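For reference, the structure is listed below as structure tokens.
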Amino acid sequence: PSAAVPRLQNDSWGKQYSHALFKAMSQMLCIGYGQQAPEGMTDVWLTMLSMIVGATCYAMFIGHATALIQSLDSSRRQYQEKYKQVEQYMSFHKLPGDTRQRIHEYYEHRYQGKMFDEENILGELSEPLKEEIINFNCRNLVANMPLFANADPNFVTAMLTKLRFEVFQPGDFIIREGTVGKKMYFIQHGVVSILTKGNKETKLSDGSYFGEICLLTRGRRTASVRADTYCRLYSLSVDNFNEVLEEYPMMRRAFETVAMDRLDRIGEE
């Protein structure tokens with residue numbers, strides 16, 4: 001045995017177990033106790049107590065530091081955790097490489113590296129705050145869209161609170177001709193092509209809307225709509241569309257006027 005540690009063969013079992021516990025804790029906690037090892041029982045137990053306190057403080061520091069680092073950008077961490085699940089899902093179903101790449105690009109454009117539970121956040125706010133945030137988020141859409149720019153602000157707010165944000169990739173068919181329409185779309189940013197039976201393309205871009213004909217006539221889609229670029233759109237379901245227009249019948253006439261003009265142009269082709 002080391003000269004710093006007294007021989008324990010003839011000591012009481014209490015001293016033997018105390019020194020054994022001290023040695024075990026020193027090894028497990030990797031905490032030094034200075035150049036001179038404690039010899040007396042008081043020194044041994046005080047040293048072990050200080051090691052416990054030191055290890056606890058060290059663990060608390062590491063825990064708080066880790067929590068602080070994670071909280072600095074929790075939305076990015078949430079996005080990364082979500083995308084890891086997506087990757088595992090794609091791997092589990094053995095999706096082809098081009099499909100995986102499109103899914104990856106969709107997530108990059110849709111969430112831009114950050115993910116929030118926006119519906120839950122807005123649901124916790126008061127109605128005035130919720131409306132203020134939605135109006136601010138959709139300010140570019142309102143500014144670029146003549147339908148909203150010249151409309152009753154109450155109608156605009158009622159419409160905006162029911163919109164759902166969607167992203168489409170180049171080549172995606174947002175609407176297919178002949179299908180039952182359940183949504184109309186407002187273009188925040190991007191270019192789409194309206195494809196009719198005569199193979200004539202009509203381009204729509206920022207500030208335009210489409211898909212309202214089907215909601216007004218309760219029929220099937222009269223044309224297909226394809227995304228030419230990455231499109232950031234807001235969709236409005238048929239139920240919400242009718243609910244808002246019941247309150248503002250004059251706006252229904254505005255939609256009907258545009259719809260009739262579009263139907264006439266389709267009929268001419």
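The values are calculated or read from the model by the stated rules, or taken from the named source; none is laboratory data. For clarity, every value in this text was computed on a predicted model and none was experimentally measured. Heads up, the Cβs are rebuilt from the backbone with ideal geometry, glycines too, and the neighbour counts pull from every protein chain shown. The protein model used for the area step is the full one, side chains on, heavy atoms only, and it has no ligands, DNA or RNA in it. Shrake-Rupley method; radii C 1.70, N 1.55, O 1.52, S 1.80 Å.
Bridging of K23 to lysines at a Cα separation below 28 Å is possible for K15, once same-chain residues fewer than 8 apart are set aside. To the nearest ten degrees, helix 41-72 and the longest principal axis of the Cα atoms of the chain are 10 degrees apart. Taking every Cα-Cα distance in the chain and sorting them into 10 Å bins from zero, the calculated P(r) comes out as 5, 19, 21, 15, 9, 7, 7, 7, 6, 3, 1, 0 percent. Checking the table K94/K162; K162/K182; K182/K203; K82/K183; K183/K203 against a 26 Å threshold on Cα-Cα, which pairs fail? Listed pairs above 26 Å: K94/K162; K82/K183.
Note on region 150-193 and region 91-114: Cα centroid distance 23 Å, given to the nearest whole angstrom.
Between 0 and 90 degrees, the angle of helix 74-92 with respect to the longest Cα principal axis of the chain falls at about 80 degrees. Solvent exposure of the chain amounts to 63 Å² per residue of accessible area, where only protein heavy atoms count and the probe is 1.4 Å.
Cross-link reach is defined here as a Cα-Cα straight distance under 12 Å, omitting same-chain residues fewer than 8 places apart; for K114 the aspartates and glutamates meeting it are D73, E81.
With K and R counted +1 and D and E -1, the other residues having a Cβ less than 14 Å from that of Y230 yield a net charge of -2. Helix 238-247 versus the longest principal axis of the chain: what is the Cα-based angle in degrees, 0 to 90, to the nearest 10? With both axes taken from Cα atoms, the answer is about 70 degrees. Across the chain, the mean sequence separation of Cα contacts (distance under 8 Å, 6 or more residues apart), normalised by length, yields a relative contact order of 14 percent.
Over all directions, the projected convex hull of the C-alpha atoms in region 139-267 averages 7.0 nm² in area.
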